Amino acid sequence: MNALTPEQLIIRKRGRRVLLIIFAMFFGSMALAGALRFSGWMPQVNRNHGQLFEPPLDLRQEPLRLADGSPYEWNPAARHWRIVLAPAAECAPACVTLSQQLDTVWQLFGHNADNVEILWLGAPPEQVAPSPALKVLQASPAFRAKLPGVDDPAGIPVYVIDPNGFVVLRYAPGFDPGGLRTDLSRLLKLK
């Protein structure tokens, strides 16, 4: 049997230590990633500002009519995303403020603004300024009832509906309009 010299023993021990360190770094990072994933943590970049519905709520079968009585078609081929609000009848000050915020959000989409519609369920107050994106729909109690949390005592929630007619996000009353813009900007890139 060959006896190893003290220098060869030191080199062998160093090699084993390096191998153990590489092993620990590789499997340790995998264990940390797994722990974060299964604990529900998500990086800030991937978080939505609104409440995400999984699975999304299907509203395609609900017939809607524009204020003039003509039917509102979902038309998935047009790739229009919709911002929907269904406020109670008497909401004048809050509705006016919300309509101004939504119009600002819509304008900030720039060239993508043509792919976003703002749907108002029921008649808006007279003080609401007209907007090219605003489409007023006739009141539909059946459609309104399908929107989760629509009668929030804190105020008026806002919903995002995808081009196919599925509700994908809900924004609680008093939400940050910048968060809606960020979320919808990400969704517009999916087209």
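Could you go through segment 9-21 and let me know if any residue there is basic (Lys, Arg), under 25 Å from the mean Cα position of the chain (by Cα) and modelled with pLDDT under 85. No. With respect to the conditions (1) in contact with a Phe, Trp or Tyr (Cβ under 6 Å, 6 or more places away or on another chain); (2) part of a helix (DSSP H, G or I); (3) within 24 Å of Pro153 (Cα to Cα), Val84 falls short on a single one, namely (2). When Ala142 is tested against (1) surrounded by 19 or more Cβ atoms within 10 Å (Cβ to Cβ); (2) not in a loop (DSSP other than H, G, I, E, B); (3) not basic (Lys, Arg), exactly one condition is not met: (1).
I'm checking my understanding of the structure. Among residues of segment 179-191 that are under 10 Å from the mean Cα position of the chain (by Cα) and aliphatic (A, V, I, L, M), which one is most open to solvent (accessible area, probe 1.4 Å)? Among them, the one singled out is Leu187. Note on segment 59-81: among residues that are among the aliphatic types (A, V, I, L, M) and part of a loop (DSSP other than H, G, I, E, B), the one that is farthest from Phe166 (Cα to Cα) is Ala67. Counting the residues of segment 1-58 that are small (Gly, Ala, Ser) and either part of a helix (DSSP H, G or I) or open to solvent by 100 Å² or more (accessible area, probe 1.4 Å) (or both) gives 8. Residues in segment 92-127 that are outside any helix (DSSP H, G or I) and either in contact with an Asp or Glu (Cβ under 9 Å, 6 or more places away or on another chain) or in contact (Cβ under 8 Å) with a residue 60 or more places away in the chain (or both): Leu108, Phe109, Val116, Ile118, Pro125. Number of residues in segment 167-178 that are open to solvent by 10 Å² or more (accessible area, probe 1.4 Å) and under 16 Å from Leu121 (Cα atoms) equals 1.
Looking only at segment 113-127, residues that are more than 23 Å from the chain's Cα centre (by Cα), open to solvent by 20 Å² or more (accessible area, probe 1.4 Å) and of a type outside the set (D, E, K, R) come to 4 in all. Answer with yes or no whether Glu54 is of a type in the set (D, E, K, R) and either at pLDDT below 85 or closer than 16 Å to Leu187 by Cβ (or both). In short, yes. When every residue of segment 149-163 is checked against the conditions, none turns out to be open to solvent by less than 10 Å² (accessible area, probe 1.4 Å), on the phi > 0 side of the Ramachandran plot, of a type in the set (Gly, Ala, Ser) and outside any strand (DSSP E or B). Would segment 72-85 turn up any residue that is under 23 Å from Ala142 (Cα atoms), touching a Cys at 6+ places or on another chain (Cβ under 9 Å) and open to solvent by less than 100 Å² (accessible area, probe 1.4 Å)? There is at least one residue in segment 72-85 that is under 23 Å from Ala142 (Cα atoms), touching a Cys at 6+ places or on another chain (Cβ under 9 Å) and open to solvent by less than 100 Å² (accessible area, probe 1.4 Å).
The values are calculated or read from the model by the stated rules, or taken from the named source; none is laboratory data. This structure is a prediction, so every number in the text was calculated from the model and none was measured. Using ideal geometry, Cβ is built from the backbone for each residue, glycine included, and neighbour counts are taken over all protein chains shown. Protein only, heavy atoms only, side chains kept; ligands, DNA and RNA dropped before computing areas. Shrake-Rupley method; radii C 1.70, N 1.55, O 1.52, S 1.80 Å.
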